[in-house]
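Scroll down for the structure; my scribbles are underneath it.
The values are calculated or read from the model by the stated rules, or taken from the named source; none is laboratory data. Keep in mind that what you see is a predicted model, and the values were worked out from it rather than measured. Cβ sites come from the backbone with ideal geometry, for glycine too, and all protein chains shown count toward neighbours.
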Amino acid sequence: MFFEFSFGSAHPARVDHNEEETRFTALADSDDAGYWVSYELNAPIGDSYVMIPACAYDGNRFEAVRRKYPPMFLESEMGLNPPTRMTEVPRLSPQGDSRMDVTTGDMAAPCVCVLNKAGQEAFLLFTGQGAHGLNFGVTLEQIGDRLRVTLRAPARRMLVYRWYEGYPSLRENPEADALMTIREGEETVIPHRVYAAPCEDIPALYRLFFEKRSDLFTGGAEACLPFSAFWEMTEAEMNRNHFEEKEGFYALNALDGRDTSKFGQWQCGWVGGGMTTFPLIVEGSDLSRERSIKTLLFAGRYQSKAGWFYGIVFGGKVYHDCFGYYEEKYYLILVRKHADLVYLMFKQIEALRRMKLDVPREIERSAIAGADALVSLWKRYGQLGQFINAETGEIVVGNSTSGAIAPAALCAAALVTGDAVYMEAAKEIGEFYDRTATRAGVTTGGPGEILQAPDSESAAALLESYVALYEACGEDKWLRRACDAAHQMASWVVAYDYEFPKDSRFGRMGIRTAGSVWANVQNKHSAPGMCTASPAPFLKLFRYTGDERYLRLMREIAHYMPQSASYPARPMRTVRGDELMPGEMCERVNLSDWEGNHNVGDSIFGSSSWPQTSLMLTCLEVPGVYVLKERGIVSVSDHVNAWLEDGQLCIQNPTAMSATVKVMVDTEESLAEKLGLFYQERFRKVSVAPGALVKLRV
């Protein structure tokens, strides 16, 4: 792709430039220094695709509305095929000249990717976090058919994104960007690695990004909390504080009076309802298993005659996914929440069968009714929409990727019931999402409170669904699509260890961010884990492709999570000073200043149910140590060290807690076996005392 390069300085400086960096040496003192480099390229609005990891997808060129958090659709905006709508996030305009200003703190990787569709050319620009303790600014300016990309040291945003008076929006805020003081002779370096290459389409652009991301960035957490130690704390805390005896279900948040919100007791899917029960059934005590089965029975009691699970239950009363706007009118359910629960129900039915335990008939009937509702919806509309009327099965708001996990759910239904109708629908829906989301490079509708802003949750669900379709069908096209989804999902995963302010909570704690996962382009924070799933699909992709970069991505995501968990030796505290319970986690990993400069590396508001669920699922589905001896591969996701030595696997525990490590050993022959819904019997558990070293033959 042809591009023009330029640079500039706000005060006298000597400039040295090469292909990888531009170095500015100050010729005089300045208390308001500024430097920049710019790239200008041919990128017509209607014939280009712009991606900034976790920050902009298709340039965020969607309809933006002013809406207070949590935003909800107006009745006039409802319908089968509404335009993609979001709140007022940084964005380029869908028509005419426009500008957007962000900083490297708004990105999962400091990078801008542009595809000229007509010319089939890609432009990828990578940089660093910043200079002199201040983040770089990144400005995109659309000027006719030209796009100018500018890296600034330091950031100088015309409009700054915050939640002003509760409205996710942009406004002038000069105080948000600190001035940079430079003394004569001091150097400021702006790195810029550019890759220009032929590129046939959007999935190919993501493949290029994935490859370069893997080459350019490294990072990862120090071992602190073994998976098994987290599990023991969490299971105990779930049974001590989360089980609601009267109705018989595991509540999302602790029932100790700290949370009185109607959103904190039961929500199906999404943030953990009927999902925590999967690891509790497989790994938990008899009490945990008994209570988990009661929870699934509870879910079935709150299911409409049309087969749709109700979104929220609080104090025995049903509420709907509308934040109070349309209660008792549209009976809204976010289709993603329903599909999540259907998928996890069938996984739990399969697990109980494989464990030779009884499956209550009511749970089977409930799961089948939920799967039938998805099939009926698909046959009726040829899409799954975003918000459904739970009583009638009608789409109220359509045109999104909210049902991205539905193909995986229907594959599971087909496997468990033997009914081919589910598999046929799964394949058709998978084709639909490949065409409308994966190949378009935009996934929406995963969260229920961001309208249809691009999000990582639907991207992660598509990855799981394509992998499930490949395992069920064995067709190479599903493996290719799973790889495409994985590359897109990688754009949401922090690629390096962000340098927090030294006086911030995370700066003092030494939190390392590589492997944390951004939520969406509205709620501009990274988080511990994918909402709400384990990174096990990346293990499966490695086994089916041999590409070790998938294994590395799984490790990054899994290995990050325990850092966010509170435990007695290192409690996590809220901004008010309250201590989280052992095993509790908050979703905030703030690289961005979207909640104010003082909240970069903080904004711990309390416990969030879904990261805890994600880590519980990770403890269940991701081997702490994975070994493929013939290729010399040892991948360590748990908080231990492991390596091969003289034909033995060495596992060393550097933490102060005992670790029970799950080890999975593959051979070239076993790689041909599909893992499917339940493969935990392949894990070998190895106990390693604090500071100890254990050796075993593999």
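Whenever a residue of the range 501-515 is on the phi > 0 side of the Ramachandran plot, its partners that are surrounded by 15 or more Cβ atoms within 10 Å (Cβ to Cβ), lying with C-beta atoms within less than 6 angstrom and at least six residues away or across chains, give the pairs 515/556; 515/557; 515/559; 515/560.
Looking at the range 387-420, which of its residues are within 17 Å of residue 83 (Cα to Cα) and not in a strand (DSSP E or B)? Selection gives 398, 399, 400, 401, 402. Residues of the range 516-537 include at least one that is at pLDDT 95 or above, buried (at least 24 other Cβ atoms within 10 Å of the Cβ) and in a helix (DSSP H, G or I). Within the range 624-634, is there a residue that is out of contact with any strand residue (DSSP E or B) (no Cβ under 8 Å at 6 or more places or on another chain), assigned to a loop (DSSP other than H, G, I, E, B) and exposed (fewer than 15 other Cβ atoms within 10 Å of the Cβ)? Among the residues of the range 624-634, not one is out of contact with any strand residue (DSSP E or B) (no Cβ under 8 Å at 6 or more places or on another chain), assigned to a loop (DSSP other than H, G, I, E, B) and exposed (fewer than 15 other Cβ atoms within 10 Å of the Cβ), which makes the answer no. Per the conditions (1) at pLDDT 95 or above; (2) of a type outside the set (Phe, Trp, Tyr); (3) more than 28 Å from the chain's Cα centre (by Cα); (4) surrounded by 14 or more Cβ atoms within 10 Å (Cβ to Cβ), the sole criterion not satisfied by residue 11 is (1). Among (1) more than 20 Å from residue 530 (Cα to Cα); (2) touching a helix residue (DSSP H, G or I) at 6+ places or on another chain (Cβ under 8 Å), which single condition is residue 214 missing? Going through (1) more than 20 Å from residue 530 (Cα to Cα); (2) touching a helix residue (DSSP H, G or I) at 6+ places or on another chain (Cβ under 8 Å) one by one, residue 214 breaks only (1).
The set of residues from the range 460-477 being closer than 14 Å to residue 404 by Cα and either assigned to a loop (DSSP other than H, G, I, E, B) or not aliphatic (A, V, I, L, M) (or both) comprises 464, 465, 466. For beta carbons closer than 6 Å, sequence separation of 6+ or different chains, a first residue in the range 1-21 that is without any contact (Cβ under 8 Å) to a residue 40 or more places away in the chain and a second that is among the basic types (Lys, Arg) and part of a strand (DSSP E or B), the qualifying pairs are 16/23. Among the numbered conditions (1) surrounded by fewer than 24 Cβ atoms within 10 Å (Cβ to Cβ); (2) on the phi < 0 side of the Ramachandran plot; (3) over 21 Å from the mean Cα position of the chain (by Cα), the only one that residue 546 does not meet is (2).
Yes or no: residue 551 over 24 Å from residue 340 (Cα atoms), among the aliphatic types (A, V, I, L, M) and buried (at least 20 other Cβ atoms within 10 Å of the Cβ)? Yes: the conditions hold for residue 551.
Looking only at residues of the range 358-392 that are buried (at least 19 other Cβ atoms within 10 Å of the Cβ) and of a type in the set (Gly, Ala, Ser), we find that the one that is farthest from residue 301 (Cα to Cα) is 385. Exactly one residue out of 346, 323 is over 18 Å from residue 280 (Cα atoms) and touching a residue at least 40 places away in the same chain (Cβ under 8 Å): that is 323. Of all residue pairs spaced 6 or more apart or on separate chains, those with beta-carbon atoms under 7 Å, a first member in the range 296-307 that is without any contact (Cβ under 8 Å) to a residue 40 or more places away in the chain and outside the structural domain of residue 332 (by TED's automatic domain parsing) and a second member that is of a type in the set (Ser, Thr, Tyr) and not in a strand (DSSP E or B) are 302/310.
Residues in the range 507-541 that are out of contact with any Ser or Thr (no Cβ under 7 Å at 6 or more places or on another chain) and of a type in the set (A, V, I, L, M): 509, 511, 514, 521, 536, 539, 541.
For the range 231-280, the set of residues classified as closer than 21 Å to residue 566 by Cα, aromatic (Phe, Trp, Tyr) and under 25 Å from the mean Cα position of the chain (by Cα) consists of 231, 250, listed by residue number. For the range 90-105, the criterion of being farther than 30 Å from residue 185 by Cβ, within 22 Å of the chain's Cα centre (by Cα) and part of a loop (DSSP other than H, G, I, E, B) is met by at least one residue. The test for being outside any loop (DSSP other than H, G, I, E, B), in contact (Cβ under 8 Å) with a residue 60 or more places away in the chain and among the hydrophobic types (A, V, I, L, M, F, W, C) does not hold for residue 451.
In the condition set (1) crowded, with 20+ Cβ neighbours inside 10 Å; (2) not in a strand (DSSP E or B), residue 350 is compliant with all but (1). Would you mind stating whether residue 128 is in contact (Cβ under 8 Å) with a residue 24 or more places away in the chain, at positive phi and under 27 Å from the mean Cα position of the chain (by Cα)? For residue 128, the condition - in contact (Cβ under 8 Å) with a residue 24 or more places away in the chain, at positive phi and under 27 Å from the mean Cα position of the chain (by Cα) - is not met. The single condition among (1) without any contact (Cβ under 8 Å) to a residue 60 or more places away in the chain; (2) under 12 Å from the mean Cα position of the chain (by Cα) that residue 572 does not satisfy is (2).
Scanning the range 411-460 for residues that are farther than 25 Å from residue 353 by Cα and small (Gly, Ala, Ser) yields 430, 437, 440, 441, 445, 446, 448, 453, 456, 458, 459, 460. Assessment of the range 673-680 against the conditions (closer than 16 Å to residue 626 by Cβ, assigned to a strand (DSSP E or B) and either touching a residue at least 24 places away in the same chain (Cβ under 8 Å) or in contact with a helix residue (DSSP H, G or I) (Cβ under 9 Å, 6 or more places away or on another chain) (or both)) yields no matching residue.
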